[in-house]
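Beneath this line is the structure, given in structure tokens, with notes to follow.
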Amino acid sequence: MTDRAIKNASPREKEYFLTDSDGLRLRVSPTGVKTFQMRYTFYGKRKIVTIGDYPFISLASARNKVIEYKTKLANGIDPQAALMQEKLEASKTDEGQIHLVIEEWLLIRTHKVSRKTLIRDRGLIEHHFLPHFARYDTKKEIVSSLHIRDIHHSQISKIIMQLQLRIPEGAKRLLAHCYNIWQFALSRGLAEFNIIANIDKKTILLPKSDRHYAKITDRVVLGELMRAIDSYPNSIIIKCALQFVAIIPLRASNLASLKWEYIDFESKTLTIPRGNMKVKSNHLTDFTLPLPRQAIEILQEIKQFTGWGKLVFHASTKIHSPLVMESLNKALRSMGFADEKRGRKQTIHSFRGTFRSLCNTYQSEHNASFEIKEAVLDHKVGNRVTEAYLYKVEYVEQIRPLLQWWADFLDRVREE
């Protein structure tokens, strides 16, 4: 068993196992959950003890656990029974420690959020919260932590205020997590009240400001940018991704996760499931955009290189992983488009602003309505009735002339 084999193990209709030495194996469930287990025999009876889920437990950690369990067996101790006893003892004396409360809270969240979200939440808490209250051994594993009842809301406030100076969105999420953790502890009888309720978010969190993204709006500079992208030599995937997002101004996350199954060459459309979009609503249909001729040509070119897989733009070294968006921003910088003062800075997100700004500047050339332009960007517009109208299928055909005009406009500035 290797790390690569574990990462590449995809779920099947029925559970299956990857085996290692000394009874260690990895169970892959139909839902994709990967769990390390150890098979052993204790007084003639076959048993299985669960070690933990991957990636929270690494292969190396699982192997170390097997060595520990083998030692117990050699001393006549059943690892399964010993584990249950350890958990029982811990529950008597230590269950109020903040790191144990968080572990239990995260365990419940495994049934409520995606694995990606769970890993992100765990990382936020482990890096920016627990170090303030936990004691670690030489292997950087938690030995003990402060009891949840001994933590004061002023300590939480200080952590959040410091974090928001570096990671504003992270600070906001962490504060929300803290509220939910204390609410969980309250329901478990581990806390007397939710101390986070004493924290005034308006006081400790900076007001949300409008995010400004530098963007190219000068058609001469835009022409230089398009020519630079066309001649980018280092990666065909990066070149095609930049050419595509210049025409189809998707959000970075949607560009990175774009799949071939979303592309319909026959109807010349792109359809992304509504659940994958920033604007989520049960009364809205999936996000659909018509593809102009130039976008189709780009997709046909890149299909020769990535068409065998699921992703349209996969990572350069990890063919089953999405293209890292920072690699596109890095490419743009290498082309010389990082000078905001001279109006020559462009990022992946900037293409959305470039599209919106120049659509307004050259309104008389396409005459698209405000709603049409906002629909291309999948912006939330108006009330529920307006939104529902925006995403009707027939509206897609009203978008087609605008995107074809935009693709033709980019061709023109290339040649100027």
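The values are calculated or read from the model by the stated rules, or taken from the named source; none is laboratory data. Predicted model, so just to flag it, every value in this text is computed and none were measured. Positions of Cβ are generated from backbone atoms using ideal geometry, with glycine treated the same way; all protein chains shown enter the neighbour counts.
Key figures for this structure:
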item	result
Selected residue (only one of Tyr43, Tyr69 is over 26 Å from Ile181 (Cβ atoms), at pLDDT 90 or above and out of contact with any His (no Cβ under 7 Å at 6 or more places or on another chain))	Tyr69
Condition met for Ala60 (within 24 Å of Thr110 (Cβ to Cβ) and without any contact (Cβ under 8 Å) to a residue 12 or more places away in the chain)	yes
Which numbered condition Ser327 fails, given (1) in contact (Cβ under 8 Å) with a residue 24 or more places away in the chain; (2) of a type outside the set (Asp, Glu); (3) over 28 Å from Leu402 (Cα atoms); (4) in a loop (DSSP other than H, G, I, E, B)	(4)
Spans of helices (runs of 4 or more DSSP H) in segment 94-178 with at least 1 residues more than 20 Å from Asp200 (Cα to Cα) and modelled with pLDDT of 85 or more	98-109, 115-128
Test: residue in segment 81-89 that is touching a Lys or Arg at 6+ places or on another chain (Cβ under 7 Å) and outside the structural domain of Gly189 (by the TED database)	yes
Ile372 of a type outside the set (Gly, Ala, Ser) and not in a helix (DSSP H, G or I)	no
Test for Lys318: is it modelled with pLDDT of 90 or more and either basic (Lys, Arg) or in a loop (DSSP other than H, G, I, E, B) (or both)	no
Qualifying residue in segment 93-107 (condition: of a type in the set (S, T, N, Q), touching a helix residue (DSSP H, G or I) at 6+ places or on another chain (Cβ under 7 Å) and more than 25 Å from Ile6 (Cα to Cα))	no
Residues located in segment 250-297, provided they are closer than 16 Å to Phe313 by Cβ, at pLDDT below 95 and of a type in the set (Gly, Ala, Ser)	Ala252, Ser253, Ala256, Ser257
Residues of segment 251-270 classified as of a type in the set (A, V, I, L, M, F, W, C), without any contact (Cβ under 8 Å) to a residue 60 or more places away in the chain and either outside any helix (DSSP H, G or I) or buried (at least 18 other Cβ atoms within 10 Å of the Cβ) (or both), total	4
Segment 53-77: number of residues that are part of a loop (DSSP other than H, G, I, E, B), β-branched (Val, Ile, Thr) and under 35 Å from the mean Cα position of the chain (by Cα)	1
Meets criteria (among the hydroxyl-bearing types (Ser, Thr, Tyr), over 24 Å from Leu130 (Cβ atoms) and surrounded by 14 or more Cβ atoms within 10 Å (Cβ to Cβ)) for Tyr54	no
Sole residue being at pLDDT 90 or above, β-branched (Val, Ile, Thr) and not assigned by the TED database to the domain that holds Arg293, chosen from Ile195, Ile229, Ile237, Ile247	Ile195
Selection count where residues are free of Cβ contacts under 8 Å to residues at least 12 places away in the same chain, closer than 19 Å to Val101 by Cα and in a helix (DSSP H, G or I), scope segment 184-212	2
Residue match in segment 130-145 (condition: among the polar types (S, T, N, Q) and within 24 Å of the chain's Cα centre (by Cα))	no
Test: residue in segment 2-13 that is among the basic types (Lys, Arg) and more than 25 Å from the chain's Cα centre (by Cα)	no
Which numbered condition Glu297 fails, given (1) of a type outside the set (Gly, Ala, Ser); (2) under 26 Å from the mean Cα position of the chain (by Cα); (3) closer than 18 Å to Ile238 by Cα; (4) in a helix (DSSP H, G or I)	(2)
Every residue from segment 271-290 that is surrounded by 15 or more Cβ atoms within 10 Å (Cβ to Cβ), touching a strand residue (DSSP E or B) at 6+ places or on another chain (Cβ under 6 Å) and in a loop (DSSP other than H, G, I, E, B)	Met277
